[in-house]
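Worksheet: the structure to be examined is printed underneath.
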Amino acid sequence: MLRKLHEIQGMQVVALSEGRVMGSVQKVYLSPSQKRVSGIRVRESGLGGDESWVDIKDVDKIGEDVVFVNRASSCKAKQPVGRSLKDMMGMPIGTKDGKILGTLVDFEVDEQWRVVELTLSDYRMIKIDHRQAVFGEDTILLEAGADERLRTAPRHKVGFLARVFGAETIQEAASAITRAEQAKAARPQELVETSPGPAKASRARRPTRRKKTASKKKT
């Protein structure tokens, strides 16, 4: 069963062995080199709740609203591994023959937690070839001709972010990023706009007051 990563954020995390609620998924992390989910960041409920890390191998299964981990000890006090979905959202996606396809909105993963598809801005999706795709520091590159696999993504509201902000809001935000980047790229770099100096504000002419002169008395 394929699943989008943003659907997992906000889910409750429960330890199967103890039946203990460990908190909720704060972030989902990805290994760019392996193009696979590396783990999840869990935060305890309540203000100032502690945060812990769960390796993806310790996730037993995911239900509609709950992520089950093997045991409470699966939640470890260690730093996350990889990059979070939040950190990678908005990255430009292009091809190795120089085409810009859009910006990243979400990842779709399979049962082995491998990324199989990307959700792009402007309601589009594209499957990836693991042998060719590069998840870089600043951009995601797909093989030449990958744009032929672009297809329209379904517009339905699902997952944590969609419940809070709405799926269309997320997509519109990503589309706005794309339009801004395209406008910046199209603007000539050497263009220097000159504008006249600020006009001096005209001073309102004050009415002159007539000085009262004392009338001379005739003697």
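The values are calculated or read from the model by the stated rules, or taken from the named source; none is laboratory data. Just so it is clear, the model here is predicted, and its values are computed rather than measured. Note: ideal-geometry Cβ built from the backbone for every residue, glycine included; neighbour counts use all protein chains shown.
Identify, please: which residue in segment 102-124 is of a type in the set (D, E, K, R) and surrounded by fewer than 23 Cβ atoms within 10 Å (Cβ to Cβ) and is, among those, farthest from PRO32 (Cα to Cα)?
Step one: list which residues in segment 102-124 are of a type in the set (D, E, K, R), which gives 106, 108, 110-111, 114, 117, 122, 124.
With surrounded by fewer than 23 Cβ atoms within 10 Å (Cβ to Cβ) added as a condition, the list becomes 108, 110-111, 114, 117, 122, 124.
Details: GLU108: 14, ASP110: 16, GLU111: 18, ARG114: 11, GLU117: 14, ASP122: 24, ARG124: 21 Å.
Selected residue: ASP122.
Residue by residue, here is whether (1) within 20 Å of ASP97 (Cα to Cα); (2) modelled with pLDDT under 95; (3) assigned to a helix (DSSP H, G or I) holds:
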{"residue": "ILE126", "(1), (2), (3)": "yes, no, no"}
{"residue": "ARG131", "(1), (2), (3)": "yes, yes, no"}
{"residue": "ALA144", "(1), (2), (3)": "yes, no, no"}
{"residue": "ARG155", "(1), (2), (3)": "no, yes, no"}
{"residue": "LEU161", "(1), (2), (3)": "no, yes, yes"}
{"residue": "GLU168", "(1), (2), (3)": "no, yes, yes"}
{"residue": "ALA174", "(1), (2), (3)": "no, yes, yes"}
{"residue": "THR178", "(1), (2), (3)": "yes, yes, yes"}
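Taking into account only those residues within segment 21-57 that are out of contact with any Asp or Glu (no Cβ under 9 Å at 6 or more places or on another chain) and surrounded by fewer than 14 Cβ atoms within 10 Å (Cβ to Cβ), which is nearest to GLU117 (Cα to Cα)?
Within segment 21-57, the match that is nearest to GLU117 (Cα to Cα) is SER33.
Given LYS57, LYS27, which one is over 16 Å from the mean Cα position of the chain (by Cα) and either on the phi > 0 side of the Ramachandran plot or not aliphatic (A, V, I, L, M) (or both)? Explain how you work it out, then say what you get.
Values: LYS27 fails: over 16 Å from the mean Cα position of the chain (by Cα).
Residue meeting the stated conditions: LYS57.
Listed here are the residues, each with its yes/no results for (1) touching a Leu at 6+ places or on another chain (Cβ under 8 Å); (2) at pLDDT below 95; (3) closer than 19 Å to LEU2 by Cβ.
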site	(1), (2), (3)
SER84	yes, no, no
THR103	yes, no, no
PHE107	yes, no, yes
LEU118	yes, no, yes
VAL134	yes, no, no
LEU141	no, no, no
ARG151	no, yes, yes
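Answer yes or no: is there a residue in segment 104-114 that is without any contact (Cβ under 8 Å) to a residue 60 or more places away in the chain and either outside the structural domain of LEU30 (by TED's automatic domain parsing) or in a loop (DSSP other than H, G, I, E, B) (or both).
So the first thing to find is which residues in segment 104-114 are without any contact (Cβ under 8 Å) to a residue 60 or more places away in the chain, and the list is none.
No, segment 104-114 contains no residue that is without any contact (Cβ under 8 Å) to a residue 60 or more places away in the chain and either outside the structural domain of LEU30 (by TED's automatic domain parsing) or in a loop (DSSP other than H, G, I, E, B) (or both).
Quick check on segment 63-83. Is at least one of its residues touching a residue at least 60 places away in the same chain (Cβ under 8 Å), surrounded by 16 or more Cβ atoms within 10 Å (Cβ to Cβ) and either touching a helix residue (DSSP H, G or I) at 6+ places or on another chain (Cβ under 8 Å) or not in a strand (DSSP E or B) (or both)?
Initial filter on segment 63-83 (touching a residue at least 60 places away in the same chain (Cβ under 8 Å)): 75.
Within this subset, residues satisfying the condition of being surrounded by 16 or more Cβ atoms within 10 Å (Cβ to Cβ) are 75.
This time we only want the ones that are either touching a helix residue (DSSP H, G or I) at 6+ places or on another chain (Cβ under 8 Å) or not in a strand (DSSP E or B) (or both), so: 75.
Looking for residues that are touching a residue at least 60 places away in the same chain (Cβ under 8 Å), surrounded by 16 or more Cβ atoms within 10 Å (Cβ to Cβ) and either touching a helix residue (DSSP H, G or I) at 6+ places or on another chain (Cβ under 8 Å) or not in a strand (DSSP E or B) (or both), one finds at least one in segment 63-83, hence yes.
State which residue is farthest from ARG124 (Cα to Cα) when the search covers only segment 1-54 and only residues that are without any contact (Cβ under 8 Å) to a residue 24 or more places away in the chain and not in a loop (DSSP other than H, G, I, E, B).
Restricting to residues being without any contact (Cβ under 8 Å) to a residue 24 or more places away in the chain and not in a loop (DSSP other than H, G, I, E, B), the top hit is ARG43.
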